[in-house]
Each structure stands twice: as structure tokens, then as C-alpha cells.
1. What are the principal axis extents of the Cα atoms in the chain, in Å, biggest first?
2. Roughly speaking, to the nearest percent, how much of the stretch 1-86's 1.4 Å accessible area is carbon and sulfur?
3. Considering only protein heavy atoms, with the full assembly of protein chains and a 1.4 angstrom probe, order 103, 46 by accessible area, largest first.
4. Which chymotrypsin sites (Phe, Trp or Tyr not before Pro) from the stretch 1-80 combine a DSSP loop assignment with at most 14 other Cβ atoms within 10 Å?
5. May I ask you to derive the FRET efficiency for residue 137 and residue 62 from their Cβ-Cβ distance with R0 = 41 Å, giving the value to the nearest 0.05?
6. How long is the gain from residue 98 to residue 85 if the chain were fully straight, where each residue apart is worth 0.36 nm and the alpha carbon distance is subtracted?
7. Hey, got a sec? Which trypsin sites (Lys or Arg not before Pro) in the stretch 16-79 land in a DSSP loop and have at most 13 other Cβ atoms within 10 Å?
8. Is the stretch 31-98 rounded, prolate or oblate when judged by the Cα gyration tensor, a ≥ b ≥ c being the square roots of its eigenvalues, rounded requiring a/c under 1.5 and prolate requiring a/b larger than b/c?
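The values are calculated or read from the model by the stated rules, or taken from the named source; none is laboratory data. Everything numeric here is computed off the predicted structure, so don't read it as measured data. Note that each Cβ is placed from the backbone with ideal geometry, even for glycine, and that neighbours are counted across all protein chains shown. When the accessible area is computed, the model is the full protein with side chains, heavy atoms only, and any ligands, DNA or RNA have been set aside. Shrake-Rupley method; radii C 1.70, N 1.55, O 1.52, S 1.80 Å.
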Amino acid sequence: EGDPEESHNCFAYKIGQAYRSTDDGEPGGTAGRPMLASITQEGLDCVAVLVTRYYGGTKLGTGGLVRAYGQAARLALQVGARTEVRPRSSHVVSISFDDIGPCFSALEQLGVQRAHEEYSDDGVRVTVVLEDQLAPRVSEALKQATSGRVAIPPTQ
């Protein structure tokens with residue numbers, strides 16, 4: 001259960017083109033929208049911010065609420081820890097038994113983790129998870145290691 005002194009928990013988030021905010025009982029547009037505006041003004045994406053208000057007896061009015069929620073969100077976004085999020089995707093690479101050594105070595109040299117391996121009579125299907133920007137580099141390394149026999153298949 002939450003703190004009994006809490007009166008409102010308002011939030012806003014933006015992930016790509018998707019966004020949402022809530023006023024959690026505050027007058028319409030006085031909490032969530034200013035918080036969402038703070039996210040936009042800070043130029044952030046893939047972020048959420050939550051502001052909890054504890055009513056202290058002073059009525060702020062709509063202008064005061066807009067300023068309070070907007071400033072609290074902006075301050076939190078400015079001082080909070082940030083982590084850069086890079087797009088990643090999974091790739092399945094089919095490798096013959098003859099090419100396993102050179103391919104695994106190339107992947108290891110590039111620091112690529114093998115997420116899953118599935119062996120069959122023909123070789124192994126390896127799933128790797130890569131930052132999207134690294135896929136061409138890894139594919140080229142696999143081609144070089146195997147004289148062009150192995151590469152990351154193009155994404156569909």
C-alpha cells in the first residue's frame with residue numbers, strides 16, 4: 001500500500017511516438033501535461049517520470065499546480081541517472097560444422113554473446129543479439145572468417 005500522506009501520483013511517459021500522462025485527480029491538464037512537456041523540453045525518449053504530491057494545506061491553484069508538476073518533473077529529468085538505449089535485434093545465423101571455429105572466434109573477438117545454439121545434422125543455428133548498428137560489422141567479420149559462406153541474414 002502507498003503512503004497515507006500521498007494525495008496524488010501523477011506520471012508521464014514517452015516512448016518513440018507513444019506517450020501518455022495522467023493528472024490522478026488533479027484538475028485536468030495541471031499535472032500530466034506539464035510533466036510531458038518537461039520530457040519534450042529535455043529532448044528525452046524512452047523515459048517515464050512520476051511526481052507524488054503530498055497535500056500540505058496550501059491550495060496552489062491551477063497555475064501553481066502546472067508550475068509545480070512541470071518543475072518537479074524537469075528537475076527529476078535533469079538530475080536523474082540516464083542510460084542510453086540502443087536498438088537491438090536478434091539474428092539467427094546458420095553455421096556449418098566446418099565454419100564453427102572461425103565463426104565463434106570472430107564473434108568472440110567482437111564481444112558478441114551467443115544467446116542460443118541449436119545443433120542439427122548440418123551444423124548449428126546460433127542466435128545473437130546485437131545493437132542494430134553493429135550488425136553489418138559482425139556480418140562482414142563472419143564473411144571474412146568463412147570466405148563468404150556465413151553472414152547475418154538481411155532483416156525482413
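1. That works out to 75, 33, 27 Å along the principal axes.
2. For the stretch 1-86, the apolar C and S fraction of the accessible surface comes to 51 percent.
3. 46, 103
4. Of the chymotrypsin sites (Phe, Trp or Tyr not before Pro), the ones in loops of the stretch 1-80 whose Cβ has at most 14 other Cβ atoms within 10 Å are 55.
5. Step by step, r from the Cβ atoms, then E = 0.15.
6. Separation in residues times 0.36 nm, less the Cα-Cα distance, equals 1.0 nm.
7. Counting only loop positions with at most 13 other Cβ atoms within 10 Å, the trypsin sites (Lys or Arg not before Pro) in the stretch 16-79 are 59.
8. It comes out prolate by the Cα gyration axes.
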